[in-house]
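Notes follow the structure.
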Amino acid sequence: MKGAFVRQILQMVPLSHSLTDNKVGGEKINMEPKDWITLMSILVTLVIGITTLIISIRTNKKSRFVNAVTTERVKWMTNLKELISEYLSLATYYDDKPFLSGEEQAKYFERLFYLQNNIKLQLNYTDSKDQEINELIDKINQKIIGLYKAKKIIEKKDTVPKEELEKAMEAVLKEKEKEFTKKIKNHDYSLPNLFEEIYSDSMAVISENFRKQYGYAGRDELKSLTDSLVNKCREYLKFEWEKVKTEAENGNVK
């Protein structure tokens, strides 16, 4: 653009004429060499001024774009930080944290899943760092659901999943097969009594398994998962902040 503009300006100058024998409007005029030098200086200054103006406009446009993108990313990071902070406040286990019930429990899980989905929408599902955060949140939610489920089963306020009951019955029959066979042969009890004992023993096994899985060991695992989420999010937000600063300084938005 600059070269074309200069050529257009130079075409306006009657260079094919003698410096001292020029005509304008059919009339002969005389120009001193210094006059031509002055004219050329003005033209060069004009070209430089226009070029500088064009570059300045482009630079300002790019700067405004970079500033707009940077501002939106800072807002995004702030929003993400608030969502994760609220999620952790709900999910983190601490001593004497009460188990909720009824409407309070329903609202608790509703908010927990709302935050989980909102955080997912804020993250890039194709990036490995983002996926690690989402996977940790999935594990935390499943562990919390398991804790509530186990509490109801242990207190006999909820039905045992069929697969859990079948596994427990298999374990009981394998362990007490000889004992049950002997009692049946000796007519110690009837078949209905046998089924009742198998079911009772199976429920005891299930309760013990749930206590191990979701008792102190389960709570320790939940604490470990939430601690890992805190560390992952801290590293993630630090990385994103450094990226924003670099992009703002270099003017290259990715």
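The values are calculated or read from the model by the stated rules, or taken from the named source; none is laboratory data. Everything numeric in this text was worked out from a predicted model, so none of it was measured. Because the Cβ atoms are built from the backbone with ideal geometry, glycine has one as well, and the counts that use them run over all protein chains shown.
Given (1) over 15 Å from residue 226 (Cα atoms); (2) among the polar types (S, T, N, Q); (3) surrounded by fewer than 11 Cβ atoms within 10 Å (Cβ to Cβ), where does residue 89 come up short, assuming only one miss?
(1)
Does region 130-143 include one or more residues that are over 21 Å from residue 89 (Cβ atoms) and either free of Cβ contacts under 8 Å to residues at least 60 places away in the same chain or touching a Pro at 6+ places or on another chain (Cβ under 6 Å) (or both)?
yes
What pairs come up if the first residue lies in region 79-92 and is assigned to a helix (DSSP H, G or I), the second is modelled with pLDDT of 95 or more and of a type in the set (D, E, K, R), and their beta carbons are under 8 Å apart, counting only those six or more places apart or on different chains?
Here the result reads 90/111, each pair linking region 79-92 to a residue that is modelled with pLDDT of 95 or more and of a type in the set (D, E, K, R).
I'd like to verify a number: residues in region 210-232 that are at pLDDT 75 or above and either over 18 Å from residue 95 (Cα atoms) or not acidic (Asp, Glu) (or both), how many? Walk me through how you get there before you give the answer.
Going residue by residue through region 210-232, those that are at pLDDT 75 or above are 218-232.
If we keep only those that are either over 18 Å from residue 95 (Cα atoms) or not acidic (Asp, Glu) (or both) as well, we get 218-219, 222-226, 228-232.
Summing the residues that are at pLDDT 75 or above and either over 18 Å from residue 95 (Cα atoms) or not acidic (Asp, Glu) (or both) in region 210-232 gives 12.
Restrict the check to region 50-66 and report whether at least one residue is touching a strand residue (DSSP E or B) at 6+ places or on another chain (Cβ under 8 Å) and either at pLDDT below 80 or more than 30 Å from residue 241 (Cβ to Cβ) (or both).
There is no residue in region 50-66 that is touching a strand residue (DSSP E or B) at 6+ places or on another chain (Cβ under 8 Å) and either at pLDDT below 80 or more than 30 Å from residue 241 (Cβ to Cβ) (or both).
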